[in-house]
Amino acid sequence: MAMLSGSQAEAIAAHQGDVAAIAAVLQRALGHANGLEVSGRSPELYVFVAVEHFPDLLATDRVLQETLQALAPVPFQRVRIYGSDLQRDRLTLHHEFDLTPTPLGTAWLHSPLKPSGVGAIAPPDASATTPPPRPMPWWALTGGMAAGMALLVGLWGLRPAPVEGDRPPSVARAVPSGLPPFDQATSPPDVLPLPPVDAEQPLPFMPQTATIALHPPGSERALGPVSWPPLPPSTVTLKAVGDMIPGTDYPGDRLPADPTLLFRGVQQYLGEVDIVFGNFEGTLTTQPDSAKDISRGMTFAFRTPPAFAAVIQQAGFNVLSVANNHSWDFFEAGFEDTIAHIQQAGMYAVGRKDEIVLVPVRDQTLAFIGFSYLDEHNTLHDLAAATALVQRANAQADVVIISVHAGAEGTDALVVRDQTEYFFSENRGNLVQFSRAMIDAGADLILGHGPHVPRALELYGDRLIVYSLGNFLGYRTLSTVGPLGASMILQVQLTTQGEFVNGRIIPAALDLDGVPTIDQTFRTVSLVRALTQQSFPETPLIIDEDGFIWHRDRPPEVRQP
């Protein structure tokens with residue numbers, strides 16, 4: 001048998017579902033793409049691409065579709081393509097299509113990829129073979145490849161348990177050295193538990209995220225100073241982050257061996273302000289029984305040992321929201337345990353129904369109220385009750401800050417719309433309507449979280465609305481694929497009456513284990529700038545390329561270099 005060329009072997013691996021090979025084939029077919037990221041878990045494949053000019057993006061989309069239809073990767077039945085052109089600095093393409101169950105023909109294997117037009121390739125002749133049922137028995141092509149192909153097909157079934165995200169699902173991630181493998185009880189019935197692995201070795205049989213020059217070379221730059229020049233002490237300065245899960249011990253052990261490493265990459269940027277806020281998405285409890293049936297697909301329960309409260313406090317946090325869809329994972333007892341442990345660690349817990357949490361800041365009083373789309377908390381579905389609660393808080397405090405966990409989830413939920421959002425048939429509320437109504441009632445700052453991706457900012461009546469802060473920490477629990485791994489520390493400065501003065505997006509990114517580090521490519525800044533322009537083109541907010549935010553009619557007089 002003749003030896004296969006590198007491109008032929010690559011095509012075989014891509015057809016079998018190796019996303020690194022898929023990425024390589026796509027990159028060679030495109031040639032001109034500035035950035036390409038491929039990830040997925042059966043049955044869906046995700047492709048994120050960036051090009052210089054919008055017309056090239058349209059051609060790129062066509063080439064990607066033709067190439068993927070020709071490859072027909074066995075584990076995937078649907079493709080989602082997300083594209084942006086660097087000239088416009090915004091998301092300008094979202095295309096979904098089903099893959100035709102066509103085998104990779106011998107014409108493909110024995111002819112190299114040939115450009116035809118702008119980065120296009122000539123797909124194989126569909127008439128060259130008769131499509132058998134999927135998956136195609138690749139070993140039938142050559143007898144000498146039988147054992148190898150059988151092994152690849154068999155090993156493909158070893159996939160990790162799904163993790164919170166929820167769209168797109170997480171790609172596989174290597175288990176860090178010294179940590180236990182995923183517990184079999186966390187996997188759906190058709191998924192085998194992972195064997196122990198060496199952290200230094202890749203897992204070639206598992207789907208991985210494949211990234212090729214997602215940002216053009218040289219796009220990295222130092223973050224530089226993160227603060228504006230000091231303002232009078234009468235202002236209030238706050239830093240806020242999104243969803244945080246520092247690991248779980250239910251039903252198996254997914255906890256870090258050294259919890260102090262969780263915030264090491266970002267901790268120096270969490271200080272020097274009055275308030276550091278985050279959404280704690282889980283429980284701090286030892287309750288044994290969960291309120292959720294995790295044997296059902298896409299159902300998760302998170303339980304973190306109470307000692308982790310001190311880790312979060314030592315990282316710099318002093319206010320945590322517990323109004324979210326995981327706060328009752330272990331019934332009301334687990335919810336109350338969580339609040340008690342947060343308070344014992346010296347922080348404020350925000351999220352009990354009908355409760356206003358008053359936080360003193362020098363000679364000012366800040367009021368925090370937690371909302372979600374669930375009846376166990378203050379719910380955004382009851383605008384009358386929410387309005388009354390905000391009005392009551394406004395009478396007790398100088399500044400009223402709303403934490404709200406709502407909205408659809410995943411990469412499909414990047415764009416904010418003034419309409420009710422649904423996720424898996426759940427009514428997740430209309431965040432635009434709720435946020436504006438709360439400001440009309442007297443709220444001064446809206447901190448949204450829950451979609452697991454960053455969203456747009458809006459200035460409404462001189463008050464800032466943050467529609468989603470995205471993920472911030474999800475140790476072996478949250479998906480970090482594409483925008484799900486784009487994170488931020490949002491710094492906001494307010495007057496003592498709650499008016500927005502200025503702000504800064506401090507960009508961060510989550511690694512494959514869901515741990516944040518500062519992102520020197522400023523990906524989140526570019527994303528939030530584009531989404532803000534797309535969702536709220538009339539908002540008077542200006543967000544520059546370094547992440548600084550101000551009112552367009554009140555530009556800053558002095559800026560740090």
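The values are calculated or read from the model by the stated rules, or taken from the named source; none is laboratory data. Everything numeric in this text was worked out from a predicted model, so none of it was measured. When we count neighbours, we look across all protein chains shown, and the Cβ atoms used for this are built from the backbone with ideal geometry, even at glycine.
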**Request:** Considering each residue of the range 275-315, count those that are out of contact with any Asp or Glu (no Cβ under 9 Å at 6 or more places or on another chain) and either of a type in the set (D, E, K, R) or modelled with pLDDT of 95 or more (or both), and give that number.
**Result:** 16
**Filter result for residue 525 (under 24 Å from residue 38 (Cβ atoms), in the same structural domain as residue 278 (by TED's automatic domain parsing) and in contact with a Pro (Cβ under 6 Å, 6 or more places away or on another chain))** = yes
**Asked** If a residue has to be over 19 Å from residue 274 (Cβ atoms), under 26 Å from the mean Cα position of the chain (by Cα) and among the small types (Gly, Ala, Ser) to count, how many in the range 335-353 make the cut?
**Response** 1
**Request:** Test residue 509 against the criterion of being under 12 Å from the mean Cα position of the chain (by Cα) and surrounded by fewer than 24 Cβ atoms within 10 Å (Cβ to Cβ), and give yes or no.
**Result:** yes
**Request:** With respect to residue 297, determine if the residue is within 30 Å of residue 399 (Cα to Cα) and surrounded by fewer than 17 Cβ atoms within 10 Å (Cβ to Cβ).
**Result:** no
**Request:** Give the number of residues within the range 301-316 that are in a loop (DSSP other than H, G, I, E, B), over 15 Å from residue 253 (Cβ atoms) and in contact (Cβ under 8 Å) with a residue 40 or more places away in the chain.
**Result:** 1
**Message:** With the condition being at pLDDT 80 or above and closer than 30 Å to residue 416 by Cα, I'd like the helices (runs of 4 or more DSSP H) fully within the range 1-118 carrying at least 3 qualifying residues.
**Reply:** 54-71
**Message:** Looking only at residues that are out of contact with any helix residue (DSSP H, G or I) (no Cβ under 6 Å at 6 or more places or on another chain) and modelled with pLDDT of 95 or more in the range 409-421, which one is surrounded by the most Cβ atoms within 10 Å (Cβ to Cβ)?
**Reply:** 421
**Scan of the range 393-411 for residues that are in contact (Cβ under 8 Å) with a residue 60 or more places away in the chain and part of a helix (DSSP H, G or I), ordered by number** = 411
**Item:** Odd one out for residue 358, checked against (1) under 19 Å from residue 436 (Cα atoms); (2) of a type in the set (A, V, I, L, M, F, W, C); (3) surrounded by fewer than 16 Cβ atoms within 10 Å (Cβ to Cβ)
**Value:** (1)
**Complete:** Within the range 479-493, of all residues that are hydrophobic (A, V, I, L, M, F, W, C) and assigned to a strand (DSSP E or B), the one surrounded by the most Cβ atoms within 10 Å (Cβ to Cβ) is 488
**Request:** Scan the range 365-386 for residues that are in contact with a strand residue (DSSP E or B) (Cβ under 6 Å, 6 or more places away or on another chain) and farther than 22 Å from residue 243 by Cα and jot them down.
**Result:** 365
**Complete:** With the first residue restricted to the range 352-363 and required to be closer than 11 Å to residue 400 by Cβ, and the second required to be assigned to a strand (DSSP E or B) and polar (S, T, N, Q), Cβ contacts under 7 Å at 6 or more apart or on different chains are 358/365
**Prompt:** Could you count how many residues in the range 524-541 are touching a residue at least 12 places away in the same chain (Cβ under 8 Å), surrounded by fewer than 23 Cβ atoms within 10 Å (Cβ to Cβ) and of a type in the set (D, E, K, R)?
**Reply:** 0
**Request:** Report, ordered by the first and then the second residue, all pairs with beta carbons closer than 9 Å, sequence separation of six or more or different chains, a first member in the range 428-441 that is outside any helix (DSSP H, G or I), and a second member that is among the basic types (Lys, Arg).
**Result:** 430/417
**Prompt:** Pick from 376, 336: which is in the same structural domain as residue 241 (by TED's automatic domain parsing) and in a loop (DSSP other than H, G, I, E, B)?
**Reply:** 376
